[in-house]
Protein chains: 2
Amino acid sequence: MTHLDLAAPVEELAKALVDIPSVSGNEDRIADAVEAALAPLAHLEVTRLGNAIVARTHLGRAERVVIAGHLDTVPIKGNVPGSWDGDGFLVGRGSVDMKAGVAVQLSLAAALDAPTRDITWVFYDQEEVEADRNGLGRVARERPDLVEGDFAVLCEPTSGVIEGGCNGTMRAEVRIPGRAAHSARAWKGLNAIHRAAPLLTTLAAYAAETITVDGLDYREGVNAVRIAGGIAGNVIPDECVVTINYRFAPCWSLEEAQQRLEALVASAGLDGYHLVYTDLSGAARPGLDAPLAASFAASVAATGVEEPRAKQGWTDVARFGELGIPAVNYGPGDPELAHADDERCPVEDIRHCRAGLEAWLTS
Amino acid sequence: MTHLDLAAPVEELAKALVDIPSVSGNEDRIADAVEAALAPLAHLEVTRLGNAIVARTHLGRAERVVIAGHLDTVPIKGNVPGSWDGDGFLVGRGSVDMKAGVAVQLSLAAALDAPTRDITWVFYDQEEVEADRNGLGRVARERPDLVEGDFAVLCEPTSGVIEGGCNGTMRAEVRIPGRAAHSARAWKGLNAIHRAAPLLTTLAAYAAETITVDGLDYREGVNAVRIAGGIAGNVIPDECVVTINYRFAPCWSLEEAQQRLEALVASAGLDGYHLVYTDLSGAARPGLDAPLAASFAASVAATGVEEPRAKQGWTDVARFGELGIPAVNYGPGDPELAHADDERCPVEDIRHCRAGLEAWLTS
């Protein structure tokens, strides 16, 4: 069992976490280490559900904040254990996404034995894989009481800026039928790939909107992310399937966003297609109008960080949104480097985020 | 070893051939049977090259006719051994493509010990698979003397009508590049699938020509037969590949046809694509102006059959075209039923084709 020293400098703790391989589905070892490190702390009630660990204060405060992070990473590319480069970066898989954020959580979980709000620290598994394996979702289903709160912070990488809410994302397959025939007698068939032309033209011409929600700008996107058609080199294709990914702003409910996507597809004027959803993940409003969010934003602004901005990608803040809990993203590291082969996180970011959260939770 | 009775009624011989499974690459047994049946015939010189068998008369005639057929079939679908239905059809895999034609060849090879032209009977393997495995091609490469002649007849199914020449066929992959990005930040990428839109629009709008060559009408066709693009559901596709099949009339050389296809693709106005040919098979002119062809056409017309027409599909007549030998298709069975699960050939067709060839070869 790896011993985690929660009293160490937060960047050392981050490196210790990077050094424990924890690719999705293989979080036993890191979960054991996190549980063992938290269990002795008298101010925390620690509960484990599979490889998710929840540690809660019970100080009778008026408000409760949920601060969450995932323990797993995408596959390792020769970058575990982690290392330091000369320019003040922690290098390695998970340094950005999101063991630096988990280190901030663990460091503060140990240090803050009398925070001004009750805190629920959540560490969970399997975020980087299919949504139905997600550890936060599992906890919310099996023990919803464990994730109750008035506000949530997800320590996903944001370069230390508060990123509010998130765009939603959905995928739909547009199945365009044709009629097979030998390509030497093409006039007997109906070419499904040719029939897809107006849809691609519509998608290529579509100018995605930027929509302001609660003061933050969400940039939408509608993209074909896959296309497949054709049976053999001498057969007129009897089907062409275009998979469309719609990233939509949190002003739209899932149903409204579906209507928007369906209207766009319909505008292409295809005849007789089928539209089948393969993924439907709602957006989350930024929640910055919640009083706790405002106080958090003020605390972070006091550290000299720029104004909150919109989160463009989909994150687990949407799960808190579904639970009715306003949530923001706030964590160290450049999200552009998440999953990158050269994943690396500035040590300064890690320290800064710890300081920002600590200032708020003790004010 | 299956014994083939070449003196049996030609439809019985066709059924005996259907009863021997001979999916491409597994022609040993049928080739053994064909060789054994021809070897005792004193008027034929029999040569075997792998599973191809060539049987030639050497009567010192002024002209030599090559009459060819392949021994293999596409995979069996519970339709071997063959059967008779009540309506005068031989039913089973290969009944159309092309064991009825092979039966006509074998029956006449045995019967015609003094034809008016010298005859080279060619039975070959692996026609239904990749071109480089084709047995006729192998014989032409290894023993070109074995397929020399003034005119060739390929007994592929034509419902007993002479079908002249064949369209050529080529396939080209048009590779359209994009730039990958996370689909939550689509504006950082370049969507290769969207970029394919003008090409599909061009293909969908293209009206293929019908071109008259030596009096026969060849119908061209330009079709996307495959399209593929996309890496993952959350990534802007960095490439889209459209495979185009161009069936072209025999007025065009391979080079001219390539230029026509390339000009069509260029007219779509794509920027920075790559075009890669994956198949290039030349067309064959009908050759009906050759004197032997004219006499053959006259003999067949005398049996009450309709006028020669163009062969739309690509067949091995193009291989004879490459060797400078005019060639036509002429055989029993409806080519639309080739490879069909309910493949079946009218007994009347088999008898009729035998009679048409016999009349010509003895006149």
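Coordinate-derived values only; no laboratory data. Since we're looking at a predicted model, the values are computed, not measured. So basically every Cβ, Gly included, is an ideal-geometry build from the backbone, and we count neighbours across all protein chains shown.
Note on chain B: with a GNM built from Cα contacts shorter than 10 Å, the maximum mean-square fluctuation among B:A37, B:A14, B:A228 falls on B:A228. Our note on the geometry: Cα centres of segment B:121-168 and segment A:143-170, 69 Å apart. Between A:D279 and B:E45, the FRET efficiency from the beta-carbon distance, with R0 = 60 Å, is close to 0.30. Applying the Karplus relation 6.51 cos²θ - 1.76 cosθ + 1.60 with θ = phi - 60° to segment A:40-50 yields 3J(HN,Hα) values of x, 7, 5, 7, 10, 9, 9, 10, 10, 10, x Hz, where x marks Gly and Pro.
For segment A:1-74, what is the charge dipole size about the Cα centre, in debye to the nearest 20, if Lys and Arg each add +1 at the Cβ and Asp and Glu each add -1 at the Cβ? List each step's numbers first, then the result.
Details: 6 positive and 11 negative charges, 63 e Å.
Computed about the Cα centre, the dipole is about 300 debye.
Look at the stretch B:310-317: the mean tally of other chain Cβ atoms within 10 Å of its residues' Cβ atoms is 2. Is segment B:319-363 best put as rounded, prolate or oblate by its Cα gyration tensor, with a ≥ b ≥ c the root eigenvalues, rounded for a/c under 1.5, and otherwise prolate when a/b is larger than b/c, oblate when not? Judged from the Cα gyration tensor, segment B:319-363 comes out oblate (a/c at least 1.5, b/c at or above a/b).
State the extension gain, in nm to one decimal, for the chain segment bounded by B:T2 and B:R185, taking 0.36 nm per residue of separation less the distance between their alpha-carbons. Mind dumping the intermediate values first?
Values: separation 183, 0.36 × 183 = 65.88 nm, distance 6.80 nm.
That pair, B:T2 and B:R185, stretches by 59.1 nm at full extension.
What does DSSP give for chain B in terms of the percent of beta bridges that are antiparallel, rounded to the nearest 5? Can you show the working numbers first?
Working: 48 of 65 bridges.
Of the beta bridges lying entirely in chain B, close to 75 percent run antiparallel.
For segment B:168-281, the relative contact order comes to 43 percent (Cα pairs under 8 Å, sequence separation of at least 6).
Volume per residue for segment B:128-181 equals 184 cubic angstrom (convex hull of Cα atoms). Between the listed residues B:C345, B:G313, B:L190, the Cα displaced farthest toward the positive end of the dipole of chain B, a dipole computed from Cβ unit charges relative to the Cα centre, is found at B:L190.
Ascending distances from the A:D5 label point to its copies in the other chains, with the point 7 Å along the Cα-to-beta-carbon line: 9.7 nm.
Taking a Cβ cut-off of under 10 Å around B:P75, the surrounding Lys, Arg, Asp and Glu residues balance to a net charge of +1, with basic ones at +1 and acidic ones at -1.
Across chain B, the relative contact order, built from alpha-carbon pairs under 8 Å that are at least six residues apart, equals 23 percent. Relative to the compact globular guide of 2.2 N^0.38 Å, what is the alpha carbon radius of gyration of segment B:270-363, as a ratio? Normalised by 2.2 N^0.38 Å, the Cα Rg of segment B:270-363 equals 1.41. Residue-wise HN-Hα couplings along segment B:210-223, as the Karplus relation 6.51 cos²θ - 1.76 cosθ + 1.60 with θ = phi - 60° gives them from phi, are 10, 10, 8, 10, 6, x, 10, 9, 9, 9, 7, x, 10, 9 Hz; Gly and Pro carry x.
A label point on A:Q259, set 7 Å along the Cα-to-Cβ line, lies at 5.7 nm from each of its counterparts in the other copies, closest listed first. When the Gaussian network model of chain B links Cα atoms closer than 10 Å, the mean-square fluctuations of B:I231, B:I325, B:I20 top out at B:I231.
Rounded, prolate or oblate, given the Cα gyration tensor of segment B:86-157, with a/c below 1.5 counting as rounded? Note, shape of segment B:86-157 comes out oblate. Basic side chains Lys and Arg get +1 at the Cβ, acidic Asp and Glu get -1 at the Cβ, and with that the dipole of segment B:168-281 about its Cα centre reaches some 660 debye.
Among A:D97, B:D19, A:D289, a tally of other beta-carbon atoms within 10 Å of each Cβ gives an order, fewest to most, of A:D289, B:D19, A:D97.
If you place +1 on the Cβ of every Lys and Arg, -1 on the Cβ of every Asp and Glu, and leave all else neutral, what size is the dipole of chain A about its Cα centre, to the nearest 20 Debye?
1140
Average 1/r across all pairs of distinct alpha carbons in chain A, invert it, and you get the Kirkwood radius: 21.9 Å.
Over all pairs of distinct alpha carbons, what does the Kirkwood formula give as the hydrodynamic radius of segment B:191-300, in Å? Write out the running numbers ahead of the final one.
Values: mean 1/r = 0.0611 Å⁻¹.
One decimal place: 16.4 Å for the Kirkwood radius.
What share of the DSSP beta bridges in the protein assembly as shown is antiparallel, in percent to the nearest 5? Don't skip to the end; give the middle numbers.
Details: 99 of 133 bridges.
Within the protein assembly as shown, antiparallel bridges account for around 75 percent of the total.
Can you grab the distance from the C-alpha centre of segment A:272-321 to the C-alpha centre of segment B:220-264, Å, no decimals? Between the Cα centres of segment A:272-321 and segment B:220-264 lies a distance of 43 Å. Gaussian network model of chain B, Cα springs within a sub-10 Å range: biggest mean-square fluctuation belongs to which of B:P332, B:P237, B:P346? Between B:P332, B:P237, B:P346, it is B:P237 that shows the largest mean-square fluctuation. Of the residues A:A298, A:A266, A:L203, the one whose Cα sits farthest toward the positive end of the charge dipole of chain A, with +1 on the Cβ of Lys and Arg and -1 on the Cβ of Asp and Glu, is A:A266.
Going by C-beta contacts inside 10 Å, put B:Y246, B:Y273 in order with the fewest on the left. Present the calculation step by step, with values, prior to reporting the outcome.
On the way: B:Y246 25, B:Y273 20.
Final ranking by Cβ density, sparse to dense: B:Y273, B:Y246.
Shown for the protein assembly as shown: lysine pairs separated by 8 or more places, or found on different chains, whose C-alpha atoms are under 25 Å apart, numbering 12.
Kindly identify segment B:1-144 as rounded, prolate or oblate by the Cα gyration tensor criterion: order the square roots of the eigenvalues as a ≥ b ≥ c, call it rounded if a/c is under 1.5, otherwise compare a/b with b/c, prolate if a/b is larger, else oblate. Oblate, since a/c reaches 1.5 and b/c is not below a/b. Scalar couplings 3J(HN,Hα) for segment A:278-295, obtained by applying the Karplus form with A = 6.51, B = -1.76, C = 1.60 to θ = phi - 60°, are 10, 7, 9, 10, x, 7, 10, 5, x, x, 6, 7, 5, x, 5, 4, 5, 5 Hz; x denotes Gly and Pro.
Which of A:H352, B:H339 comes first, and how do the rest follow, when ranked by fewest Cβ neighbours within 10 Å? Can you show the working numbers first?
Numbers: A:H352 19, B:H339 16.
With the fewest neighbours first, A:H352, B:H339 line up as B:H339, A:H352.
For chain A, what does -39500 (n - 2.57) per DSSP helix run (n ≥ 4), summed and divided by total residues, give at 222 nm, in deg cm²/dmol to the nearest 500?
Rounded to the nearest 500, it is -8000 deg cm²/dmol.
Modelled spin-label separation between A:D145 and A:D85, with each label point placed 7 Å from Cα along the Cα-to-Cβ direction: 4.8 nm.
Counting only C-alpha contacts under 8 Å and six or more residues apart, can you give the relative contact order of segment A:62-197 as a whole percent? Show your work: numbers first, answer last.
Working: 168 pairs, mean separation 40.1, N = 136.
Once divided by the residue count of segment A:62-197, the mean separation gives 30 percent.
How are the Cα pair distances of the protein assembly as shown distributed, in percent, across 10 Å bins from 0? Taking every Cα pair in the protein assembly as shown, the percentages come to 3, 13, 18, 15, 11, 10, 10, 9, 7, 3, 1, 0. Only loop residues by DSSP count here, and only those with at most 13 other Cβ atoms within 10 Å; note down the trypsin sites (Lys or Arg not before Pro) in segment A:41-125 that meet that. Hits after loop and neighbour filter: A:K77.
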